[in-house]
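To start, the structure itself, in structure tokens.
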Amino acid sequence: MSLDYTNSIPLHVQLKQKIEQKIYDGHYIDKIPSERELMDEYYVSRSTVRQAIEYLVREGILVRKAGKGTFIAIRTINDWLGSLHSTSENIEKMGMSPGAKLITSEVLELFGRLKDITGLDKAHHFKRIRYANDIPMGVERHYYPVELGRKLSQFNLDQEAFYELLERELDVKTFQAEQEIRAGTATRHDSELLHITEGASIMIAERIITDRNGDFVEFERAHYRADMYSFKITLSRHSR
């Protein structure tokens with residue numbers, strides 16, 4: 001199986017994408033083939049193989065083990081549809097350590113679709129990178145009513161989960177959420193934050209949350225690495 005030598009995309013990037021796809025498809029379960037096996041399979045040089053693997057190691061997808069080979073490091077974060085959990089809770093359920101880094105906290109005037117969705121003229125906007133075992137796995141953008149956002153901004157948002165703060169500290173009770181999930185591609189900005197290539201596949205999740213009185217609480221737009229996030233739902237069929 002050869003790569004496309006006429007393509008403007010460098011060979012090591014093409015090979016990186018091939019390896020990633022085989023990981024996502026479950027073709028590689030625990031470890032990837034040796035350098036020699038990859039060279040023979042894709043008709044490339046050792047340096048091309050090493051460059052591709054180095055990118056995947058830097059992105060946290062692969063990990064080298066001396067004398068043993070190169071192993072798959074990532075685990076998919078499974079978010080069950082039909083139940084409302086924070087990203088931190090989902091990561092912990094997978095036996096991984098959640099983390100966050102706040103990169104934006106500001107009050108914005110809203111226009112267009114954001115204004116229509118939230119019903120707000122202004123919102124407090126938070127933007128965070130989310131981590132699983134120190135691997136960047138998502139960029140989340142949250143929009144709250146200004147006063148609620150001001151209260152949330154008083155806490156350490158690198159360590160706290162929004163939902164837990166709302167329940168524990170701000171007495172916002174009983175959420176209901178509507179969520180839409182679709183496929184997308186990473187922008188240059190998001191790709192830099194997530195350590196993936198620009199144009200890589202991502203999952204876009206948009207969620208509107210209301211309280212028990214039906215009042216707006218939050219709108220979230222999240223971009224997750226497709227290799228680290230999946231959604232599951234249990235279905236049933238009743239025979240006639």
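Of the chymotrypsin sites (Phe, Trp or Tyr not before Pro) found in region 1-58, those that fall in a DSSP loop while having at most 15 other beta-carbon atoms within 10 Å are 5, 43. Largest accessible area first, the residues 44, 107 order themselves as 107, 44 under a 1.4 Å probe with ligands, DNA and RNA left out. Spacing of the modelled spin labels on residue 117 and residue 182, each 7 Å from Cα toward Cβ, amounts to 1.1 nm. Listed peptides 33-39, 210-216 appear in the order 33-39, 210-216 once ranked by packing, highest mean of other Cβ atoms within 10 Å at the front.
Sequence neighbours fewer than 8 away in the same chain don't count; with that in mind, list the lysines whose C-alpha is under 21 Å from residue 31. Of all the lysines, those that pass the test against residue 31 - Cα under 21 Å, at least 8 places apart if same chain - are 16, 18, 22, 65, 68. For residue 28, the amide hydrogen comes within under 5 Å of the amide hydrogens of 23, counting only partners 5 or more places away or on other chains and with H modelled in the peptide plane. Derived scalar couplings between HN and Hα for region 65-72 equal 10, 3, x, 10, x, 10, 10, 7 Hz in order, rounded to whole Hz, by the Karplus curve 6.51 cos²θ - 1.76 cosθ + 1.60 (θ = phi - 60°), x for Gly and Pro. Residues of region 132-174 with an amide N closer than 13 Å to a point placed 7 Å from the Cα of residue 210 along the Cα-to-Cβ direction: none. Residue by residue, region 217-229 carries 3J(HN,Hα) couplings of 10, 7, 10, 10, 10, 10, 10, 10, 4, 5, 7, 10, 9 Hz when phi is fed to the Karplus relation 6.51 cos²θ - 1.76 cosθ + 1.60 (θ = phi - 60°); x denotes Gly or Pro.
The values are calculated or read from the model by the stated rules, or taken from the named source; none is laboratory data. Remember, it's a predicted structure, so these values are computed and weren't measured experimentally. No Cβ is skipped: glycine too gets one built from the backbone with ideal geometry, and neighbour counts run over all protein chains shown. Calculation scope for accessible area: heavy atoms of the full protein, side chains included, ligands and nucleic acids excluded. Shrake-Rupley method; radii C 1.70, N 1.55, O 1.52, S 1.80 Å.
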